[in-house]
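Q: Next up is a structure, given as structure tokens.
The values are calculated or read from the model by the stated rules, or taken from the named source; none is laboratory data. Remember, it's a predicted structure, so these values are computed and weren't measured experimentally. We place every Cβ from the backbone using ideal geometry, glycine too, and count neighbours over all the protein chains shown. All accessible areas refer to the heavy atoms of the entire protein, side chains included, with ligands and DNA or RNA removed. Shrake-Rupley method; radii C 1.70, N 1.55, O 1.52, S 1.80 Å.
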Amino acid sequence: MTDAIVIGAGPNGLVAANVLADAGWRVEVLEAQDQPGGAVRSDRGVHPDYVNDLFSSFYPLAAASPAITALGLEDHGLTWSHAPIVLAHPLPDGRCALLHRGLETNIDAFERSFGRPDALAWRRLSRLWQELDPCLVRAMFAPFPPVRTGLALAARLRAAGLLRLARLAALPVRRMAEEEFDRDGPGLLLAGCALHADLLPESPGSAVFGWLMAMLGQQYGWPVPVGGASALSGALVRRLESRGGTIRCGTRVSEVVVRSGRALGVRTADGDSVRARRAVLADVPAPHLYGGLVAGEHLPAGLLDGVRRFQWDFATVKVDWALDGPIPWSADEARRAGTVHLGATMADLSDYALQVTTGRLPARPFGLLGQMTTADPSRSPAGTESAWMYTHVPQHVVDDLGPDGITGRWDEKEGEAIAHRMEEQVERFAPGFGDHVAARRVLTPPVLERLDGNLVGGAINGGTTAAHQQAVLRPVPGTGRPETPIERLYLASACAHPGGGVHGACGANAARAALRAQGVVTGRLLGPALAAAQRALAGAGDA
């Protein structure tokens, strides 16, 4: 009999399985898709000479995460690559706000483009990050509440600093930009970073989210795995298998078997029963687990009511391209950036985010565009570019502000219409872009969900990033930890704290909770790899 079953071979599930295998547990991962990786996969489906990532592409959270860095994936074939510039945000007047790796490089760039006052303001924001490093990242990824790292933060900042941090945590990014900068470029970098999530520039908390993503880029870059996103998943798989873990793909779990309030194993869609001696870890959406894989009769009424109120983040449309040449950006510096934000002004960003929030499909979508060959030359032939762009769209479209009458059915016609609209947005900043498109692929919300069942309705963050569904409120009020009302069942997906992003913390926290419950989390009982991971994670938060 296996010790633990992990449902789902996405990054959280694979990290969880590795942590358990390091403890000497027999671990079996059951994955519904035909290959592991979840939303960390790549293929050659656009053009045989081009590698395109199906979902996620850049991994600053993985580079910073104690859960992933402790696994030593470089020993299992993972190699990181960086674009010359982390991020570019073209402006209407032809200038371009740029984010580089390295504080002093950014200070010089801001002073040249936007003046000394804005460069000094960026230094002030960076100084706060330096004061908090590495305690903030460790607290962010630790199980909730992060008592140990919280105390470390308090010791560093003292009362005045804690109040300043609390204000930052509540501040909208638009207000931060108004307070800190004289010119628009640096604030747009932060606001564009905030729009990676479902936060308006006017939303409380959008400033700290945008600042966090920018500071991660400045310190770690936004790296990519050489060869494609599947290289990251492949390293996790190889590491797990080297420790005796197994993965069964094409195996959909239909039920978590519960008896007397305890998870005993799972039943698959094929009717097979798989017993778990110690734990079941579910890297699945909370609404699919509670009242789905686990029958409602086994769960408290309050939990089921909370799940009914669970809010997904925005839906997503992604277009992948095989380009026969570099993108002809008007702002020449954008050609060297791995990621480009396409939204000219703060008003553009605010209008777009408000429209999506209220169910209206924007006529001019804000977009995140990735230049993957710029970041990793192995992705396509020399002189070409493997590229993508995604934009958020409403989960439920009530109106289309563009000319196409898109309803949210997301059939082939509507997919082509939104893709054309996205390409028009690229043309706004790179005239002649369309002449370089050799092939493309459109991934609408239903297609994304079909390729990865965790991306419900095309939501890529496992639920809203808004404050009302974070920490002890995630996935429902009164939770915030991976333990569930069912003994030996743990929530290991991005629906759990700390939420979306490829950092593995949701899976690592669930695995550590399972180990604690069995009384085996000690350096004496663990193998050398987990002992090293435990030391790293012990500094990162509570055991």
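Q: Could you pull out every residue, at least 5 positions away or on a different chain, whose amide H is within less than 5 Å of the one on Ile486? Hs are placed 1.01 Å off N in the peptide plane, and Pro or chain starts have none.
A: Sorted by chain and number, the residues that satisfy this come to none at all.
Q: What nm value, rounded to one decimal, do you get for the distance between Arg26 and Ala347 when each label is placed 7 Å out toward the C-beta?
A: 6.7
Q: How large is the Rg to Rh ratio of the chain when both quantities use alpha carbon positions and Rh follows Kirkwood?
A: Dividing the radius of gyration by the Kirkwood radius yields 0.95.
Q: In Å², and per residue, what accessible area does segment 183-223 have when probed at 1.4 Å with the other protein chains present?
A: Result: 20 Å² of accessible area for each residue.
Q: Quote the relative contact order of segment 51-180 in percent (integer), defining contacts as alpha-carbon pairs under 8 Å separated by 6+ residues.
A: Once divided by the residue count of segment 51-180, the mean separation gives 15 percent.
Q: Let me ask something additional. Starting from the 7 Å offset along Cα-to-Cβ, what nm value, one decimal, do you get for the label separation of Leu162 and Val437?
A: 5.4
Q: Are there trypsin sites (Lys or Arg not before Pro) in segment 297-385 that DSSP marks as loop and that have at most 13 other Cβ atoms within 10 Å, and which are they?
A: Arg309
Q: Also, quick follow-up: Highest mean first, how do 431-438, 56-63 rank when packing is the count of other Cβ atoms within 10 Å averaged over residues? Please list the in-between numbers first.
A: Values: 431-438: 14.6, 56-63: 24.6.
My ranking of the peptides, most packed first, is 56-63, 431-438.
Q: Mean projection of the alpha-carbon convex hull of segment 419-487 over all orientations, in nm²?
A: Over every viewing direction, the Cα hull of segment 419-487 projects on average to 7.6 nm².
Q: Pull out a ≥ b ≥ c, the square roots of the eigenvalues of the alpha-carbon gyration tensor of segment 310-352, then state rounded if a/c is under 1.5, prolate if not and a/b is larger than b/c, and oblate in the remaining case. Mind dumping the intermediate values first?
A: Numbers: a/c = 3.03, a/b = 1.50, b/c = 2.02.
Verdict is oblate for segment 310-352.
Q: Output the relative contact order of segment 361-516, whole-number percent, from Cα pairs under 8 angstrom with separation of 6+ residues. Numbers along the way, then the final one.
A: Working: 200 pairs, mean separation 21.3, N = 156.
The normalised contact order for segment 361-516 reaches 14 percent.
Q: A further question follows. So what is the accessible area of segment 299-410 per residue, in Å², with the probe set to 1.4 Å?
A: Accessible area per residue: 36 Å².
Q: A further question on this structure: For Ala301 and Ser242, FRET efficiency with R0 = 45 Å and r from the beta-carbon atoms, rounded to 0.05?
A: Computed FRET efficiency for Ser242 and Ala301: 0.50.
Q: Could you order the peptides 36-44, 479-487 from most to least packed, using the average number of other C-beta atoms within 10 Å per residue?
A: Final packing ranking: 36-44, 479-487.
Q: Give the average over all directions of the projected area of the C-alpha convex hull of segment 1-148, one decimal, in nm².
A: Mean orientational projected area (segment 1-148, Cα hull): 13.8 nm².
Q: Roll a 1.4 angstrom probe over the protein heavy atoms and tell me the percent of accessible area of the chain that is carbon or sulfur. Before the final figure, lay out each step's value.
A: Values: 10250 of 19730 Å².
So the carbon and sulfur contribution to the accessible surface is 52 percent.
Q: Can you give the relative contact order of segment 243-401 as a percent, counting alpha carbon pairs under 8 Å and 6+ residues apart?
A: Worked out over segment 243-401, it gives 20 percent.
Q: Next question. Solvent-accessible area per residue for segment 433-497 at a 1.4 Å probe radius, Å²?
A: Spelled out: the 1.4 Å probe surface of segment 433-497, per residue, equals 35 Å².
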